[in-house]
Amino acid sequence: MKLSKSLLLLGGVLLCFLLGSAAISSPAVAVLRQHQDQPGIMRYHAQHSLQDKAGNAWQLVLFPQYQSGKLSGWNLRVVGFPGLAKLMHPQPLEVITAEGKLLTAADVFAESAPAPNVGQYDFTKILPRLPQNKTLQLSVPVSGNHTLSLHISTSIVREWQLLAKEM
């Protein structure tokens, strides 16, 4: 009887620990989404909600680009709350690795963005060069000679790499 109570108590403590660990994990929320692009053709993308240093919410969406039904590249879309900031076009997105290496992604919306709070960048050459199990810093030019800085956790980097590998 004492053994079963001890096991039950141990199981309860373990459950509390696991739930507590999940509650204090990374502040980013990641979602892999699937949608039907055309009849019979499913597309996948990674969507993340992040906060900048001021606590403002930003959405990042990494998705494949297709031409004639074949994968032709990858885009990273950055979206802020309307009226929060105006992303500057045409300006590249800068990706800074944990080792300090600078990678740049061209502005896809160089000519015209669908809204001032939306940017989209060609991530095709960046994605295979991202380091394994390391964080990243994204720098996006915004109005007023400011730079939006977003911290990208290792879990998001791994998810992006997994998505690219599976496509």
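The values are calculated or read from the model by the stated rules, or taken from the named source; none is laboratory data. Predicted model only: the values in this text are computed from it and were never measured. Cβ atoms come from the backbone with ideal geometry, glycine included; neighbour counts cover every protein chain shown.
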Quiz item: Taking the stated definitions as given, is Pro82 in a loop (DSSP other than H, G, I, E, B), touching a Lys or Arg at 6+ places or on another chain (Cβ under 9 Å) and either surrounded by fewer than 15 Cβ atoms within 10 Å (Cβ to Cβ) or at pLDDT 95 or above (or both)?
Solution: no
Practice problem: For segment 60-79, name all the residues that are in contact with a strand residue (DSSP E or B) (Cβ under 8 Å, 6 or more places away or on another chain) and not in a strand (DSSP E or B). | Solution: Gly69
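Okay, residues lined up against (1) assigned to a strand (DSSP E or B); (2) in contact with a Pro (Cβ under 9 Å, 6 or more places away or on another chain); (3) basic (Lys, Arg):
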| site | (1), (2), (3) |
| --- | --- |
| Gln91 | no, yes, no |
| Ile96 | yes, no, no |
| Gly100 | no, no, no |
| Thr104 | yes, yes, no |
| Pro114 | no, no, no |
| Thr124 | no, no, no |
| Asn133 | no, no, no |
| Ser149 | yes, no, no |
| Ile156 | no, no, no |
